[in-house]
Each structure stands twice: as C-alpha cells, then as structure tokens.
1. Check Ser77 against each of (1) surrounded by fewer than 16 Cβ atoms within 10 Å (Cβ to Cβ); (2) out of contact with any strand residue (DSSP E or B) (no Cβ under 7 Å at 6 or more places or on another chain) and name the one condition it does not meet.
2. Can you go through Gly101, Gly20, Gly40 and tell me which one is out of contact with any Asp or Glu (no Cβ under 6 Å at 6 or more places or on another chain), at pLDDT below 95 and assigned by TED's automatic domain parsing to the domain that holds Phe223?
3. What residue, of Thr7, Thr90, Thr68, is surrounded by 13 or more Cβ atoms within 10 Å (Cβ to Cβ), at pLDDT 95 or above and more than 16 Å from Ala113 (Cα to Cα)?
4. When both residues are 6+ apart or on different chains and their Cβ atoms are under 8 Å apart, which pairs have a first residue that lies in the range 168-193 and is over 9 Å from Phe223 (Cβ atoms) and in contact (Cβ under 8 Å) with a residue 24 or more places away in the chain, and a second that is aromatic (Phe, Trp, Tyr) and assigned to a strand (DSSP E or B)?
5. Any residue that is under 18 Å from Ala55 (Cβ atoms), surrounded by fewer than 19 Cβ atoms within 10 Å (Cβ to Cβ), of a type in the set (Phe, Trp, Tyr) and without any contact (Cβ under 8 Å) to a residue 60 or more places away in the chain - is there at least one of those in the range 139-155?
6. Return only the number of the condition from (1) touching a strand residue (DSSP E or B) at 6+ places or on another chain (Cβ under 9 Å); (2) assigned to a helix (DSSP H, G or I); (3) at pLDDT 95 or above that Val134 does not satisfy.
7. Take the range 195-244 and flag every residue that is in a helix (DSSP H, G or I), surrounded by fewer than 18 Cβ atoms within 10 Å (Cβ to Cβ) and not aliphatic (A, V, I, L, M).
Amino acid sequence: MERNIKTSSIVIDSVRTGTGARLLTLLSRELGIVRAMSPGGARNRMNAAAGLFSAGEFLLYFNPVKETYTLSEASPSFFAEGIKGDLDATYAAAYFAEAAGILKTDEPEALHALLLSALSALDASPENRKKILVDYTWSLLKQSGVGADLRFCPSCERLLALNEVLHYSTKLSSPVCQSCADTDSIRLLPGARRYLIYTLDMPFEVELKVELSESARTVLSAFLTSWISAFSPWPLKSLKAGIL
C-alpha cells in the first residue's frame, strides 16, 4: 500500500486530543471510513481546513508499521458554513454522519456521494432539514440493502393492505406485519408507508423534489431514525438531545 494517499473525503467526526491534535473520522470515497490524526501545534491551520462536515481532497500519510493515517494536507471544497450557523441543522448533519458509519457498505464511493449530496442540500436549505433527513435516511437504508419493498411482509411474504400499520421485527431488522412483529416500539403508519413505496426506486436527488406534508415528515423522521438506531449497539449521540 502506498504511504501517501490522496483521497476525496468528508470529515464525519473530529475529536480533540490532549496534545491539541485532532483525531478525525473520514468517509473516504476510495477507502471507506478511516481515522486519521491531524497534528496540533504550529499546524493548527490544517485542523481548521479539515473542520467537521467539510469535504474535499485530503492527503494522508499511511504508516505501514502502526497501520495508522496522518493528515498531511487538506484542500476542502465544501465548508458547511450554512450548517454550522444553524443549531438544528448541525444536529441533523451530525446524525447524517453518524448514520453513515452504522450501516456497512461495500460501495464507499456511493456512500460518499450520498452523504455529500445530503450535506450540500442541508447547507443550502437548513430550514428543510426534516425532509432532507427523511430522504437521506431512506436512501441510506436502500443503498445498504436494508430498505425493503414495503408492499410485502418480508417474514410471511404476504401482500399488505394499503391501510395496514407496519410493526418491526428485531430478528429481520425490518418492518413487518403485526402478526410477525416481536416489538411494538417501531411503527409505520399507512400514509408514511405510501411515501416510502412511491420513492423506493428514486435516487436521493429525485426524492427531495417529492412533496411531503409536515405531519408525514414528522412521522417518517421518527420511524426512519428508529430503524437506523436499531442497527447500532449504542444510542446515537445526535438523537439524544431530542432536537431531531
């Protein structure tokens, strides 16, 4: 493996260490999710260039002995200034980043493109955060192979009535009919389900253009974040405050 690697990346987490350096978690289009140390001290300007939610070209040095990455250069093209100026949008972006790290994918390029599109949409229209959250989460579930055809119960394979409320199976990690459910903590109402069925084959950018009422946004936001959370072994930090 080459020691100097140029990669298109998004900073999805940034933690300050005791030395003033930062431990960055990057979603790399070429490498997937990697962690890289950004030095502190006199090179702090690079920490600013590689700020949280920023995206662009990053030069990483790979230490083959320690199998660690260090950030050598950062040339961001996306700075997320609109997101950082809005508290609710910042929580939404934190959720986008956290969710991207939960569901495993063999296509980091597609995941990188989806997250960058969602952050860009949020940066341009922070007031539309709930609709962007719904479409991003649904696209993420579909991209990872988890999103199901909600016309059928994946357990009993029964064709579901349009007015049925779906419940959840922890064994299948999927919405199911009430008879196949093993928990009552996650529910999907009929109107919200129709939206997910209608947008099943749509890419994220097309989903964003589909109208969705404020009440449906609230229902779907709660359902989809609960679905994503079911795949995490710990509570999502971005959801703890209850802002989303």
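1. (2)
2. Criteria check complete, one pass: Gly101.
3. Thr90
4. What qualifies is Ser174/Tyr168; Ser185/Tyr168.
5. For the range 139-155, residues under 18 Å from Ala55 (Cβ atoms), surrounded by fewer than 19 Cβ atoms within 10 Å (Cβ to Cβ), of a type in the set (Phe, Trp, Tyr) and without any contact (Cβ under 8 Å) to a residue 60 or more places away in the chain: absent.
6. Only one criterion is unmet by Val134, namely (1).
7. Matches in the range 195-244: Tyr198, Glu205, Glu214, Ser215, Thr218, Ser226, Ser229, Lys237.
This table checks each residue for (1) in the same structural domain as Ser226 (by TED's automatic domain parsing); (2) of a type in the set (Asp, Glu); (3) in contact with a helix residue (DSSP H, G or I) (Cβ under 9 Å, 6 or more places away or on another chain).
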residue: Tyr168; (1), (2), (3): yes, no, yes
residue: Ser174; (1), (2), (3): yes, no, yes
residue: Cys177; (1), (2), (3): yes, no, no
residue: Asp182; (1), (2), (3): yes, yes, no
residue: Ile186; (1), (2), (3): yes, no, yes
residue: Ala192; (1), (2), (3): yes, no, yes
residue: Leu196; (1), (2), (3): yes, no, yes
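The values are calculated or read from the model by the stated rules, or taken from the named source; none is laboratory data. Computed from a prediction, not measured in an experiment: that's the story for all the values here. Cβ: placed from backbone, ideal geometry, glycine included. Neighbour counts: every protein chain shown.
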